[in-house]
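K.L.:
Take this structure, written in structure tokens, and hold onto it; I'll ask about it next.
The values are calculated or read from the model by the stated rules, or taken from the named source; none is laboratory data. Since the structure is predicted, the reported quantities are computational estimates derived from the model, not experimental observations. Glycine also receives a Cβ, built like all others from the backbone with ideal geometry; neighbour counts cover every protein chain displayed.
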Amino acid sequence: MAPPFRSSGLARARSAIAPRSSPRRFASATATSTRRENTEPSAASGKACAHRALRVRTSSSPLRCRTNICAPTILPGSIEDSLKELKLDYVDLLLVHWPNSKIPLKETMRALAKAKRDGLTRHIGVANFTIALLDEALGLCPEPLATNQVEFHPYLDQSKMLAACRRRGLVLTGHCPLGRGRLMNNPVLADIARRQGRTIAQVALRWSIQQRDVVPIPRSSAPGRIAENIDIFDFALTEDEMARIHALKRPGSRIANPAGRAPAWDS
Ligand SMILES: NC(=O)c1ccc[n+]([C@@H]2O[C@H](COP(=O)([O-])OP(=O)(O)OC[C@H]3O[C@@H](n4cnc5c(N)ncnc54)[C@H](OP(=O)(O)O)[C@@H]3O)[C@@H](O)[C@H]2O)c1
């Protein structure tokens, strides 16, 4: 069974997202990559689906459940399939991947809460929810939510969402924290990186974590970059550097914005 939770919502989410020492529950980069490949829907498996609405995430291993149907009768089987593939009894964090207006949110949140109560996950949360949807989810979910995972990088203004998460005691998990590579030629980041003796990726990730309550989740297929991306805890950006990076936000910079699936964003 999953161990008990800590009392604070923020502590819970941080503990869910931060690396732990157990090799069983936190796969190496190689194993993670293999597992990700194995979880891609395949027509041959008969389990392929057009959308993947739920995401199972450990600190290093994103893995998606193979269904977009979050109804209570379907979800448990989907989670169990994913756990089998991960060779785990439970995960640390289970997220609704995208809001889905075709499925009553109440059912989804109840199913998610049940997964937690059944010990299949230690924490639950949502992803790509707007503030209004977040409030709806919080109101409907019988268990506390730990996080809202949303796109977060210097080009995108997520100040409203960050403030909303803070007010509700949630961590903001930042996906696409390197702007999927789009930040790499930015002259301001390059200048700060040169002054700090760091890389652009490290500066961008440091900017994320230096704002309270943000947990960026960069992805890399290169072991050297994975090591680089986590080596950001022994330096600090100055106030001026933080302000210069904040000033990089610009309209139209959202990357994960699938038509027909993305909600009406807050900003
Ligand atoms: N919930 C959602 O809807 C959602 C949406 C989008 C993404 N996500 C998740 O968020 C995570 C990250 O998002 P993402 O992969 O889209 O974007 P990202 O982490 O911002 O960017 C990944 C890209 O940056 C490169 N990169 C990584 N580290 C680097 C470094 N140190 N220097 C230079 N380039 C570097 C990677 O290339 P290499 O592999 O060659 O290093 C890859 O092309 C993933 O786990 C993804 O599944 C979630």
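K.L.:
Regarding Pro154, is this residue over 24 Å from Leu112 (Cβ atoms), within 8 Å of the ligand (Cβ to nearest atom), modelled with pLDDT of 95 or more and not β-branched (Val, Ile, Thr)?
P.N.:
So Pro154 does not fit the description; no.
K.L.:
Give just the number: which of (1) touching a residue at least 40 places away in the same chain (Cβ under 8 Å); (2) within 15 Å of Leu134 (Cα to Cα); (3) in a strand (DSSP E or B) does Val150 not satisfy?
P.N.:
Unmet condition: (1).
K.L.:
Is there a residue in the range 221-233 that is over 19 Å from Tyr155 (Cβ atoms) and away from the ligand (no atom under 14 Å from the Cβ)?
P.N.:
There is at least one residue in the range 221-233 that is over 19 Å from Tyr155 (Cβ atoms) and away from the ligand (no atom under 14 Å from the Cβ).
K.L.:
Sticking with this structure for a sec: Against the definition (modelled with pLDDT under 90, closer than 17 Å to Asn148 by Cβ and not assigned by TED's automatic domain parsing to the domain that holds Val215), how does Cys70 come out, yes or no?
P.N.:
On the way: modelled with pLDDT under 90: yes; closer than 17 Å to Asn148 by Cβ: yes; not assigned by TED's automatic domain parsing to the domain that holds Val215: yes.
Yes.
K.L.:
Looking only at the range 134-156, which residues are among the acidic types (Asp, Glu) and either crowded, with 20+ Cβ neighbours inside 10 Å or within 17 Å of the chain's Cα centre (by Cα) (or both)?
P.N.:
Correct list: Glu151 only.
K.L.:
Failed condition for Ser78, given (1) in contact with a strand residue (DSSP E or B) (Cβ under 9 Å, 6 or more places away or on another chain); (2) of a type in the set (Gly, Ala, Ser); (3) modelled with pLDDT under 60, with all others met?
P.N.:
(3)
K.L.:
Output yes when any residue across the range 134-142 is assigned to a helix (DSSP H, G or I) and small (Gly, Ala, Ser), and no when none is. Give the derivation first.
P.N.:
Step one: list which residues in the range 134-142 are assigned to a helix (DSSP H, G or I), which gives 134-140.
Now narrow it down to the ones that are small (Gly, Ala, Ser): 137, 139.
Yes, the range 134-142 contains at least one residue that is assigned to a helix (DSSP H, G or I) and small (Gly, Ala, Ser).
K.L.:
Can you name every residue in the range 129-165 that is among the charged types (D, E, K, R) and over 17 Å from Asp213 (Cβ atoms)?
P.N.:
Asp135, Glu136, Glu143
K.L.:
For Ile124, indicate whether it is assigned by TED's automatic domain parsing to the domain that holds Met242, closer than 24 Å to Arg219 by Cβ and β-branched (Val, Ile, Thr).
P.N.:
When the stated conditions are applied, Ile124 does not pass them.
K.L.:
If I ask for residues that are within 30 Å of Gly139 (Cα to Cα) and either within 11 Å of the ligand (Cβ to nearest atom) or modelled with pLDDT under 95 (or both), which ones from the range 169-214 would you list?
P.N.:
Thr173, Gly174, His175, Cys176, Pro177, Ser208, Arg212, listed by residue number.
K.L.:
Let me ask something else. Taking Met242, is it away from the ligand (no atom under 15 Å from the Cβ), free of Cβ contacts under 8 Å to residues at least 40 places away in the same chain and aliphatic (A, V, I, L, M)? Lay out the reasoning, then the answer.
P.N.:
Numbers: away from the ligand (no atom under 15 Å from the Cβ): yes; free of Cβ contacts under 8 Å to residues at least 40 places away in the same chain: yes; aliphatic (A, V, I, L, M): yes.
Against the criterion (away from the ligand (no atom under 15 Å from the Cβ), free of Cβ contacts under 8 Å to residues at least 40 places away in the same chain and aliphatic (A, V, I, L, M)), Met242 qualifies.
K.L.:
Residues in the range 183-203: is at least one within 30 Å of His123 (Cα to Cα) and of a type in the set (A, V, I, L, M, F, W, C)?
P.N.:
yes
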